[in-house]
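Note sheet for the following structure.
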């Protein structure tokens with residue numbers, strides 16, 4: 001219970017930012033986007049935005065916490081630990097992608113190779129083919145690697161559920177909503193509602209995953225950020 005008290009302010013703050021960024025985006029739109037610099041910075045499209053910077057930092061935090069878990073979980077069977085390290089590396093790659101839009105660039109090249117330069121891709125006019133050719137396999141691959149690393153989270157009740165549920169929300173936003181984007185005809189749905197839902201699902205999903213990892217770290221491993229460097233006593237649930 002004390003661990004949850006320590007974790008709660010961190011998670012509440014992340015949820016507040018997740019929701020707040022969406023509120024800024026929607027608020028700016030419904031106010032008529034009066035200032036172009038503000039519109040650019042609060043946009044949910046592009047790389048030089050608050051949303052992209054925050055998502056990159058958020059995924060970087062998740063990768064750092066997973067790396068700490070992998071470092072300290074020495075008793076974990078080697079294949080499971082390798083899976084945890086692989087999952088950490090994939091999350092770190094996703095953090096980098098948020099800043100430099102690697103998957104968008106790959107998607108454009110892939111779409112040009114499949115549909116031909118200048119052609120309108122079938123069922124992928126907005127996103128290109130990356131969601132189908134890269135996104136779905138990536139989502140399945142992440143889920144499989146997390147399943148292989150699942151033993152690392154079983155010591156904390158609910159941690160694995162949060163990791164899996166958060167990953168599902170993240171992929172629903174990143175792959176599911178962006179795929180749906182290709183079929184939206186109403187400009188309001190396509191340019192406002194879809195990016196808001198997509199980015200919000202991604203951010204909330206990552207926050208839920210961070211919550212799960214923090215819960216696991218609070219059981220016996222206890223990173224400094226939760227205890228101020230003080231080892232847990234047995235009464236607190238420590239070793």
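Of all the residues in segment 141-188, those that are buried (at least 19 other Cβ atoms within 10 Å of the Cβ) and over 28 Å from residue 129 (Cα atoms) number 7. Listed here are the helices (runs of 4 or more DSSP H) enclosed by segment 146-226 that have at least 2 residues being in contact (Cβ under 8 Å) with a residue 40 or more places away in the chain and within 24 Å of residue 12 (Cβ to Cβ): 159-171, 194-217. For residue 41, are the conditions met, namely being surrounded by 15 or more Cβ atoms within 10 Å (Cβ to Cβ), without any contact (Cβ under 8 Å) to a residue 24 or more places away in the chain and either in a helix (DSSP H, G or I) or in contact with a helix residue (DSSP H, G or I) (Cβ under 8 Å, 6 or more places away or on another chain) (or both)? It is true that residue 41 is surrounded by 15 or more Cβ atoms within 10 Å (Cβ to Cβ), without any contact (Cβ under 8 Å) to a residue 24 or more places away in the chain and either in a helix (DSSP H, G or I) or in contact with a helix residue (DSSP H, G or I) (Cβ under 8 Å, 6 or more places away or on another chain) (or both). Of the residues making up segment 46-78, those that are free of Cβ contacts under 8 Å to residues at least 60 places away in the same chain and assigned to a helix (DSSP H, G or I) number 11. Return yes when residue 81 is farther than 18 Å from residue 168 by Cα, in contact with a helix residue (DSSP H, G or I) (Cβ under 8 Å, 6 or more places away or on another chain), surrounded by fewer than 17 Cβ atoms within 10 Å (Cβ to Cβ) and touching a residue at least 12 places away in the same chain (Cβ under 8 Å) and no when it is not. The answer is no for residue 81. Taking first residues from segment 1-24 that are within 16 Å of residue 55 (Cα to Cα) and partners that are at pLDDT 95 or above and not in a helix (DSSP H, G or I), no Cβ contact under 9 Å between residues at least 6 apart in sequence or on separate chains turns up. Listed conditions (1) buried (at least 16 other Cβ atoms within 10 Å of the Cβ); (2) modelled with pLDDT of 95 or more are all met by residue 3, apart from (2).
The values are calculated or read from the model by the stated rules, or taken from the named source; none is laboratory data. Everything quoted here is computed from the prediction, not taken from an experiment. For neighbour counting, all protein chains shown are included, and Cβ atoms are generated from backbone atoms with ideal geometry for every residue, glycine included.
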